[in-house]
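Encoded as structure tokens, the structure appears first; notes follow it.
Just so it is clear, none of the values below were taken in a lab; they were calculated from the coordinates. In this text the structure is predicted, and so the values were computed from the model without any measurement. When we count neighbours, we look across all protein chains shown, and the Cβ atoms used for this are built from the backbone with ideal geometry, even at glycine.
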Amino acid sequence: MNSINGLPLAPFLVVAAGLFVIGLYGALARKNAIAVLMGVELMLNAVNLNLIAFWRYVAPNSSAGLAFAAFVFIVAAAEAAVGLALIISVYRNLRSVDPEKLDQMKM
Amino acid sequence: MLTFSTVIFVILAVVTLGAALAVVTMKNVFHAALMLVLAFFGVAGFYVLLEANFFAAAQVLVYIGAISILIIFAVMLTRGVTMARPNNEQSGAVATASAVLFVLIVVLVGPWKINFPGFAPLNLPARAFGAPPEFKMAVQAVSPDALQRLGRALVDQYMVAFLLAGVLLLLAMIGAVWVARERKLVEIVKERREMAAEEAAAAVPPAPAAEAVATTDAHH
């Protein structure tokens, strides 16, 4: 038996890979900084899905996979809070959330 | 063989990937944020399928309950923005690169090889990197006290990481409040004037500036 409930591991990994590349596209191609953050959240979700799928199929008796997934949750929450605070601060100063307009630090 | 789990999996995959595609393509950012909630729900469904019930609950609480709400708040606080186009100039190239990356992950890293040893498109992984590891052993059941063991591991094996995570959350909270704080107009005007003065000082040619410093030093 290489599966749980008739499901092998591979489809989960393919869905996670799809979620990751969709998030990558969103993070690189969007013109709104909030949408860029949404892409990053999708990528973090894909990583978490991979971690939990591998935990379930390869090492369900170890806590390592779940612990890493928990830390990804924490980092995602911190990243979202700081990222959105930055975006709101930028919006107050520039009246724009376009990442391409943030070139004040260019020499 | 079409089991109940397979049907659920296919529905979840379609909903999650469809919602994710909507997140990155929708013109209206608010609608994209709502689609993001749907994608998070789909991932929570996958956690249930993978028998990680605690993480399904945490996904709903943390991602849908906290992060999505934060994103929706940010969208509403930046309402005045209208974009001519939702995507930037390099979006076509990025889409191509993402699609290529997806194909590379699926074919080269080879999740197919792990569970379907007979099905390997072009047999690329075996040629390029040698035969990939196949685990033949049966998938074990999750022990009923998995969550208790996770909790014990967090304060034992991963104690340092756990403490650092707490520090990270505290710093992120303080940092977010500090960065997004409402500032008084007086402060902003003062800061702008200082910046303008610095820019004016930088615009002066270097030799007279050095002279000026020298004279002020002599004066003092």
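Each of A:34, A:74, B:174 was scored by other Cβ atoms within 10 Å of its Cβ. Arranged with the fewest first, they read B:174, A:74, A:34. Adding -39500 (n - 2.57) for every DSSP H run of four residues or longer, then dividing by how many residues chain A holds, sets the calculated 222 nm ellipticity at -25500 deg cm²/dmol.
For segment A:52-102, rounded, prolate or oblate, judged on the Cα gyration tensor with a ≥ b ≥ c (square roots of eigenvalues), a/c < 1.5 rounded, else prolate if a/b > b/c? Prolate, because a/c is 1.5 or more and a/b exceeds b/c.
Residues B:162, A:12, ranked from the fewest to the most other C-beta atoms within 10 Å, line up as B:162, A:12. Starting from the Cα of residue A:106, draw a straight line to each of the aspartates and glutamates and keep only those under 16 Å, dropping any in the same chain fewer than 8 residues away. Within the straight-line cut-off, residue A:106 pairs with A:98, B:199.
In sequence order, segment A:38-52 has phi-based couplings of 4, x, 5, 5, 4, 5, 5, 5, 4, 4, 5, 4, 4, 4, 6 Hz under the Karplus curve 6.51 cos²θ - 1.76 cosθ + 1.60, θ = phi - 60°, and Gly or Pro positions carry x. Cβ crowding within 10 Å, taken as a proxy for footprinting-reagent exposure, orders B:191, B:182 from fewest neighbours to most as B:182, B:191. Shape class for segment B:40-102, computed from the alpha carbon gyration tensor (a ≥ b ≥ c): oblate, with a/c not under 1.5 and a/b at or below b/c. Let me know the shape class of chain A, please: from the alpha-carbon gyration tensor, a ≥ b ≥ c as square roots of the eigenvalues, rounded when a/c is under 1.5, otherwise prolate if a/b is greater than b/c, or oblate. Note, shape of chain A comes out prolate.
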